[in-house]
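Novice: To start, I am sharing the structure in question, which I have written as structure tokens.
Please treat every number below as a calculation from the coordinates, not as lab data. On a predicted model such as this, the values are computed, not experimentally measured, just so you know. Cβ sites come from the backbone with ideal geometry, for glycine too, and all protein chains shown count toward neighbours.
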Amino acid sequence: MSDTPIKDLPVSEITKAQAKAEIGLLSGGLRRANTAYHTHDAPEIADAEYDAMKARLLALEEAFPDLAAKDSPTRQVGAAPAEGFAKVRHRVAMLSLSNAFDDEEVRDFVDRVRRFLSLSADDPVAITAEPKIDGVSLALRYENGVLVEAATRGDGTEGENVTANARTITDIPHTLTGGFPDVFEVRGEVYMAKDAFAEMNRQQEAAGQKIYANPRNFAAGSLRQLDPAITATRPLSFFAYAWGDHEALPAETQSGVVAAFASWGFKTNPLTKRCDSVEDLLEHYRMIEGQRAQLPYDIDGVVYKVDRLDWQVRLGFRSTTPRWAIAHKFPAEYATTVLEKIEIQVGRTGALSPVARLTPVTVGGVVVSNATLHNEDYIAGIGSDGAPIREGRDLREGDTVTIYRAGDVIPKVLDVDLSKRPDWAVPYVMPDRCPICGAPAVREEGEAVRRCTNGLTCPAQAVEALKHFVSRAALDIDGLGAKQIEAFYADGLIKEPADIFTLQTRQQAGEIDLYRRDAKGRATNEKSIQNLFAAIDERRSPDLARFIFALGVRHVGETTGRLFARTYLRWDAFHQAMTTGDREAILAIDGVGAILADAAIAFFADPQNEAALDRLLAHVTPQDAEAPAQESPVAGKTVVFTGTLEKMSRAEAKARAEALGAKVSGSVSAKTDLVVAGPGAGSKLKKAAELGIDTLDEDSWLALVGG
Ligand code: IVH
């Protein structure tokens, strides 16, 4: 035998036993390198060495295929480790649910459904009720009965491909049984049972590993492991309760489809019930609430869904939630603790937000050490309508307070126990200067919030604006999250959005150095920086709606970003409309109110913002938006409904028209293209006639839009 070390022998010359030993060493080394790189963000080996190890492992696995482990680092999902998981675009968006917090809101939900469908009070409406599992939603795509793809929800439009991980979950069938459509996407919740969670946390602690706050976080962390072998060691479960893309449906009702899921091999929740009245729903809710503590898994409410699927289709969706379902949440949980300190955070729009630092306390299984205090009035015991709250009791550092936590929202301070107030406690005084930059913080007439007046010159506002710019719903730059932005800002490398796009040229010109270097001056993070440059390049032509949202104009959320993009289609058209300041034209957009219009005009009138935008647009070209469904005969038209509609409710008519790209307005003007008039139409019909606007009755309208 030669003295050459195995690792230096050509693959063609080594024996199977030698290959096995070397594969073991390489896999272990690559796994350690991955953990150091991804989990601890502290690479232990140079990128070139990593690549060489991976190439050698690949060559060995090719030469000895039966030695290639299923979970080998060469088979990691998403290929290059720095990219993490591959992205999956959901064919049908994964939406969330709106919430009801009391019986009244549940009654309102059922009433809304009836009104929307034009049903009378005594028409039966069957609605299912089932536990809302506190886990992570997952979409499972089956083709010809075989699991081909599993994706997390992500931002609802795009999730992460976690197929290899999903295959390790016993409740998720690899192949379906019985009769199933050729293509079907089953959706449901991955969760960790309470006792499994307690046991896993004990093991993690003993091994000096990360401890999770609750079963949901543990389930999420386990599902998003880059190494499926780790996911396989985590006791995860799955309930199927919904669906996405599908070729055919196995039933005509929600309960029927879920029953089919069970016949295909899925676990479905045994506490699901089909109810015939609101009273039935509420009774089932109370039954589930009564069992909550004894259930083997965490739940945070009960979900109600209209049973008939043709009605679900008619009811459709608002921007992010279905009209045919609602989550009835369990009431908040309370705890008592000490308000140790009141601190001020400065947000993206300069708002000074007081935050309570609390003596840590457990509320509903989660350790809470911070709570929101809203604004200075709230601390002083004054509500948003000017009336006293907590009977006027103010909050002071040192006070014993009741806090509450409802679901995922940030905990709130509810009340104070004056009998426990220490002698030294003094009323809280809100600072009149920004605690970050020292500029005056001003409270405008009629506003509860005090704001730093320094705009983007204030480091807090600048860094928050940058975080918003790169955030998931905005430009979504891979590898450039809140933490990295803070670090780049602190190092003076990125001060405004335009700087993101000049990082690479500045690096190449030697003006900055983004590389971490070892003792010999060699870069140790070359790969991650190259990946970052590539991710930035991918965003040089962003989606118009995302770009508008990313600018951080006050009151312009994701929905408004999309609305503006749909209305103006091109950046120049949008920009011109905002800068020429034609307030009336902006207000004419359905969905834009005065506060929003004024905020947008003010944003673009600020020379500081305009200058920053000019610098940004030197590197970024927003893509034109797609015009809404042009093939529809009413796309882009402004429609007014008047009189009584007999075949559908006003709400349904409006939703249908909007889905077809029409704008629905409440009043007839020269801008109106079409008036749909039912019996009893009066002044609007008359005005339409005067203006010579086309008028249709309900049947002709239905014929026009396809029934
Ligand atoms: S139905 C169109 N049913 O709650 C929405 N969701 O707040 C379809 N969830 O993202 C969702 N248990 O992750 C539905 N029985 C259940 C659920 C459930 C938990 C989660 C799900 C969803 C979130 C919405």
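Novice: Determine the equivalent ellipsoid of the stretch 328-481 by diagonalising the alpha-carbon gyration tensor, then write out the semi-axes as square roots of 5 times the eigenvalues, largest first, rounded to whole Å.
Specialist: 28, 22, 14
Novice: Among Asp614, Asp476, which comes first, second and so on when ranked by fewest other beta-carbon atoms within 10 Å?
Specialist: So the ranking, lowest neighbour count to highest, is Asp614, Asp476.
Novice: In the stretch 268-402, if the dipole is taken from +1 on Lys/Arg beta carbons and -1 on Asp/Glu beta carbons about the Cα centre, which of Pro360, Thr349, Ala327 is farthest to the positive end?
Specialist: Of the listed residues, the answer is Ala327.
Novice: For the stretch 191-300, which trypsin sites (Lys or Arg not before Pro) pass both filters: DSSP loop (anything but H, G, I, E, B) and at most 13 other C-beta atoms within 10 Å?
Specialist: Those satisfying the criteria are Lys210.
Novice: May I ask you to compute the full-extension gain from Asn370 to Gln608, defined as 0.36 nm times their residue separation minus their alpha-carbon distance, rounded to one decimal in nm?
Specialist: 82.2 nm
Novice: Between Gln294 and Arg115, 0.36 nm times their residue separation minus their Cα-Cα distance comes to what?
Specialist: 60.6 nm
Novice: What list of ³J(HN,Hα) values in whole Hz, one per residue of the stretch 497-509 in order, does the Karplus curve 6.51 cos²θ - 1.76 cosθ + 1.60 (θ = phi - 60°) give from phi, with Gly and Pro shown as x?
Specialist: x, 4, 5, 4, 7, 10, 3, 5, 5, 5, 5, 5, 7
Novice: Tell me, which longest segment in the chain has none of the GluC sites (Glu not before Pro) that fall in DSSP loops with at most 14 further Cβ atoms within 10 Å?
Specialist: Result, exposed sites excluded: 45-246.
Novice: At a 10 Å Cβ-Cβ cut-off, how would you order Ile230, Ile169, fewest neighbours first?
Specialist: Result, fewest neighbours first: Ile230, Ile169.
Novice: Also, quick follow-up: Quick one: Leu466, Leu9, Leu514, fewest Cβ neighbours within 10 Å first, how do they rank? Could the numbers behind the result be given before it?
Specialist: Values: Leu466 25, Leu9 15, Leu514 18.
With the fewest neighbours first, Leu466, Leu9, Leu514 line up as Leu9, Leu514, Leu466.
Novice: Ok, one more. Quick one: check the C-alpha center-to-center distance for the stretch 200-215 versus the stretch 598-639, whole angstrom.
Specialist: First find each Cα centre; the distance between them is then 48 Å.
Novice: Mind checking which of Pro431, Leu480, Gln225 is farthest towards the positive end of the chain's charge dipole, using Cβ charges of +1 (Lys, Arg) and -1 (Asp, Glu) about the Cα centre?
Specialist: Gln225
Novice: How far is it, in nm, from the label point at Ala17 to the one at Glu49 when both lie 7 Å from their Cα along the line to the Cβ?
Specialist: 3.0
Novice: What is the Cα convex hull volume of the chain when expressed per residue in Å³? Don't jump to the answer; show the numbers that get you there.
Specialist: Values: hull volume 155.9 nm³, N = 707.
Once divided by residue count, the hull of the chain is 221 Å³.
Novice: Mind checking which of Trp311, Phe266, Ser12 is farthest towards the positive end of the chain's charge dipole, using Cβ charges of +1 (Lys, Arg) and -1 (Asp, Glu) about the Cα centre?
Specialist: It is Ser12, whose Cα lies furthest towards the positive end.
Novice: Need the full-extension length gain, His619 to Ala573, defined as separation in residues times 0.36 nm minus the C-alpha distance. One decimal, nm.
Specialist: The span from His619 to Ala573 would gain 14.7 nm if fully extended.
Novice: Right, next: Quick one: dipole size for the chain, taken about the Cα centre, charges +1 on Lys/Arg Cβ and -1 on Asp/Glu Cβ, in debye to the nearest 20.
Specialist: Values: 81 positive and 102 negative charges, 89 e Å.
Computed about the Cα centre, the dipole is about 420 debye.
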